[in-house]
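Every number in this text was worked out from the coordinates using simple rules, so none of it is lab data. All values reported here derive from a predicted model rather than from experimental measurement. Every residue, glycine as well, gets a Cβ built from its backbone with ideal geometry; the counts of neighbours run over all protein chains shown.
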């Protein structure tokens, strides 16, 4: 029986992004869609166009050409409304080092418009889940890399977004912290959250993502379920093999 | 706002820059300028005097200079009598600021001129000894002295010497007339006093009831307060750039709150900081500088107007800081752009040198400086004793500048998004 797909939560059509000169295209005529409740991995070597694509999807800047639709709404014209549904966990630790973890979370939760009592409850819950309660009232500057990543993640999900963008959420994180982060992201996805995720950890992406796209030189080269992609590419036993086969082994800047 | 407050309170170096440094600046600048002002007034300008005339004119000028507080009188150089030959060298070496030489026969030249005039006027035969002559009084000036100072001093000296010369001329004339009365009638010799005919009075064009004498406190406190308030640009730029570099800006752009709401917390906190700075600086002029023997800062007639100008100045400084922080890509760029632009704004705005002594073109340019608008506003209140109505144009300019800065910041952000 043919599966009936609902309207995609994200649809990008012929999106191009150039910085300055037309020749230097960071994203080159990219089109794809993401279904609700999907964990979509956008993978690619350094400078491939992952962060630029994610940035356009979360409304940080407009595409030079093409359209981005979130829940059927044009991002360019309805950004203010769409933003309520988006959560972002940037690659950089976007926290104030001289504030405590809790103060950072209170600030970002307030900026997202979460009501004070509800915000306090959610902060405590998430701190507990990610084992940060004891350190919550210490300054972020005193945290380890893993602790900062955990607070960085909580700051992006406090307002219960429908779509969560994760840009390298586990980079520089120890195994324990990574396991905890991925476990809770899986739980969020199970609760109905659509996740768009970029990473260099291909093993992690293989396990976590329901669908991946490999981008290189600003173009989507391949798209599909990780297991299916491994099967499709002869001689590949995991996603990393597929990745190297497609993007070549030459090192990137 | 809580976040901005916490960030500020926990940045001790930033707090030092915001509060301690400006207070130190006001102390130092006011004390230096007051000390310089007092040195000249209390000790007088060092003058070396050569009286080669040794007669009425030379003696009277010497007496006058000895008695005036305007100068410290010297007629010796390193223990040796000052002469027409060694005065130039002593001034050149910086031992004195001005040298005055009254030439030999100066009194005689004045008297002969008057006698010659009298005999000529009465059609009498001129005595060969009454032939007029000239005497050149020399002023030798240290080239290190500033031109405006030299002009001021030499004009006062010239006026003083001219008064002495006129007095001698009058007395000589008086004596000549008395001697020429044929019937030997006793003639009362009058006493010359030009002050009886024309007198001068001066007052400051100010609404203030008490006398507001221009002094180092009255001029420096508002000027350096404005300068310091605008220097809030440096920590503000640093704060904006930190958010950019630490990735917070990335999050801000994805938050469903308007840009104005996002920057408003920062604006409000820094405006409050500016106002606290303002109160602290004024307290220096009102409390601390008088403890060191300086005059008390006179705040004029309208505290409300002072508050409004200070608020407008705070908004202008904060808006400018947000703009510079947005335009700059790195901390270094922000620091250089912020500090240099404030220095330029302050220089053309009359903080360092009063705008009224600038060349015409610079006076026109100074009208473009927000520091000038603020300074004009405070001078109107503190020195002229004016009120809200008079400072309204300055306040409006400052608020328009603030709106322009925030508007431009928004445009720059929108442009970058595209």
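Annotation: the antiparallel percentage among DSSP beta bridges lying fully within the protein assembly as shown is about 50.
Over the residues of the protein assembly as shown, the helix contribution to mean residue ellipticity at 222 nm works out to -16000 deg cm²/dmol, using -39500 (n - 2.57) for each DSSP H run of at least 4. Most fluctuating residue of A:218, A:146, A:113 in a GNM of chain A with Cα springs under 10 Å: which is it? Answer for the Gaussian network model of chain A: A:113.
With respect to chain A, whose longest principal axis is taken over its alpha-carbon atoms, helix A:145-157 is tilted by about 80°.
Residues considered: A:242, A:212, A:175. Largest GNM mean-square fluctuation over chain A, using C-alpha springs under 10 Å, is found at A:175. Sorting the segments B:299-307, A:46-54 by their residues' average number of neighbouring beta-carbon atoms within 10 angstrom, most packed first, yields A:46-54, B:299-307.
Annotation: the antiparallel percentage among DSSP beta bridges lying fully within region A:10-247 is about 55. Counting, for every residue in A:77-85, the Cβ atoms of other protein chains within 10 Å of its Cβ and taking the mean gives 2.
The mean count of C-beta atoms from other chains within 10 Å of the C-beta of residues in B:242-251, rounded to a whole number, is 6. Each peptide in B:74-83, A:135-144 was scored by the mean count of other Cβ atoms within 10 Å over its residues; highest first, the order is A:135-144, B:74-83. With respect to chain A, whose longest principal axis is taken over its alpha-carbon atoms, helix A:116-129 is tilted by about 70°.
Relative to the longest principal axis of the Cα atoms of chain A, the long axis of helix A:175-190 makes an angle of roughly 80 degrees. So what's the protein assembly as shown giving for Rg/Rh, alpha carbon basis, Kirkwood Rh from the mean inverse pair distance? The Rg/Rh ratio comes out at 1.26.
Taking 0.36 nm per intervening residue step and subtracting the Cα-Cα distance, what contour gain separates residue B:162 from residue B:276 on full extension? Result for the pair: 35.6 nm of gain on full extension.
Structural descriptor for chain A: relative contact order 26 percent, calculated from alpha carbon pairs under 8 angstrom and at least 6 residues apart. Mean partner shielding of peptide A:55-68, defined as the number of other chain Cβ atoms within 10 Å of each residue Cβ, is 2. Going from the residue with the fewest nearby Cβ atoms within 10 Å to the one with the most, B:12, B:384 rank B:12, B:384.
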